[in-house]
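The values are calculated or read from the model by the stated rules, or taken from the named source; none is laboratory data. Everything numeric here is computed off the predicted structure, so don't read it as measured data. Reconstructed Cβ throughout: ideal geometry from the backbone, glycine too, with neighbour counts over all protein chains shown.
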Amino acid sequence: MTRTSRLLDHCVLPVPDLATARARYEALGFTVAPQGTHPFGTINCCVYVADDTFLEPLAIGDAALVSEAIDDRNVFVARDARYRQSISDNGFSALVFKTDDAQADHAGFVESDISAGPILDFSRAFVDPAGKSGKVSFRLAFAAEPDSDATYFFTCQRIDAVASAGRAALETHRNGVTGIAGVTLTAADPQVHEAFLAALANAPVEHASGAIIAHLGNARLTVEPGDGPLRLAAIHFAVADVDATADALSAGNVAFERQADRLTVRPAPGQGAIFTFEDRS
């Protein structure tokens, strides 16, 4: 039976505070959305991309609510706390996939022995660029390797279709980013994670020069040799004009390295992953 590869939805990037994250992303040439507030104490300022993916810089807004959520077995908050305690409060903690049925995903994760805990249902308020407010609801199903100390994954079902309505203004960026082309992970032995990656991506895994690769429906996941356990390391953005992107980075006083049609920006406060910008015109 032919499997349908999952689609990338977004990347979760813990930050110490939203002000630092907003300043960094604006310097990088991104348009940053207004603050979003979760009912369990975390807050974000998302960066939406025209290919219907996004980045979620995530900070702690109310420590007391976070503590209560952890006690209530809220996997999203608990895994975020674990990442901050064991790795950093400035990093790349989770990769998220789109889904129309989080309940089925959860059942599959349990069957594959990679479930990271119970499903999470929640709603939060939002305000679109035109100032219209409303409420959006989500259902999340979580996965992680059984011995994972930090990195985790989940599928995200958007219960309210209005969630992405009116986002066009937020999806236009001075740096020319039009999509997320891929994500790179690292691990001491990528081959050890082959079955896990295949289950996550719902796709076969390829081998290339010591790395393993899974092709999502809209991006590529690569696990490359590195130090230690499985870690999310880099996000690769597609741009139409790499020269214009270089100009935008320079205007924001952001240091970058250039190799042909690829720009690389190293992690900095508010940006916990390597970012690359690649000409896909």
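Could you tell me whether Cys11 is within 19 Å of Phe277 (Cα to Cα) and touching a helix residue (DSSP H, G or I) at 6+ places or on another chain (Cβ under 9 Å)?
Here the answer is no, as Cys11 does not meet what is asked.
Just name the residue that is nearest to Ser5 (Cα to Cα) out of those in the stretch 96-110 that are among the charged types (D, E, K, R) and surrounded by 13 or more Cβ atoms within 10 Å (Cβ to Cβ).
For the stretch 96-110, the residue satisfying everything is Lys98.
Would you say Arg258 is surrounded by fewer than 16 Cβ atoms within 10 Å (Cβ to Cβ), closer than 26 Å to Thr172 by Cα and modelled with pLDDT of 95 or more?
yes
Could we say that Arg124 is at pLDDT 90 or above and closer than 18 Å to Ala33 by Cα here?
No, not satisfied.
If you check every pair at least six apart or on different chains, which have Cβ atoms under 7 Å apart with a residue in the stretch 22-37 that is crowded, with 19+ Cβ neighbours inside 10 Å first and a residue that is of a type in the set (D, E, K, R) second?
Taking only residues 6 or more apart or on different chains, the pairs are Gly29/Arg174; Val32/Arg22; Val32/Glu26; Gly36/Arg124.
Look at Val239 and say whether it is touching a strand residue (DSSP E or B) at 6+ places or on another chain (Cβ under 7 Å), of a type in the set (Val, Ile, Thr), within 16 Å of Val265 (Cβ to Cβ) and outside the structural domain of Asp105 (by TED's automatic domain parsing).
Taking the combined requirement at face value, the residue satisfies it.
Of the residues Ile274, Ile235, which single one is closer than 23 Å to Leu13 by Cα and crowded, with 17+ Cβ neighbours inside 10 Å?
Just one listed residue meets the conditions, Ile235.
What helices (runs of 4 or more DSSP H) lie completely within the stretch 1-113 and have 1 or more residues being under 30 Å from Thr264 (Cα atoms), modelled with pLDDT under 95 and not assigned by TED's automatic domain parsing to the domain that holds Ala251?
The helices (runs of 4 or more DSSP H) meeting that bar are 75-86.
Which of the following residues is within 15 Å of Thr151 (Cβ to Cβ) and out of contact with any His (no Cβ under 7 Å at 6 or more places or on another chain): Leu249, Leu221, Leu263?
Being within 15 Å of Thr151 (Cβ to Cβ) and out of contact with any His (no Cβ under 7 Å at 6 or more places or on another chain) holds for just one of Leu249, Leu221, Leu263, which is Leu221.
Hey, can you tell me all the residues within the stretch 191-215 that are within 27 Å of Ala104 (Cβ to Cβ) and in contact with a helix residue (DSSP H, G or I) (Cβ under 6 Å, 6 or more places away or on another chain)?
Scanning the stretch 191-215 gives Val205, Ile212, Ala214.
From (1) crowded, with 16+ Cβ neighbours inside 10 Å; (2) touching a Leu at 6+ places or on another chain (Cβ under 8 Å); (3) over 18 Å from Pro267 (Cα atoms), pick out the condition that doesn't hold for Gly217.
(1)
Go through (1) within 30 Å of Thr155 (Cα to Cα); (2) modelled with pLDDT of 95 or more one by one and return the number of the condition Ala240 breaks.
Unmet for Ala240, out of (1) within 30 Å of Thr155 (Cα to Cα); (2) modelled with pLDDT of 95 or more: (2).
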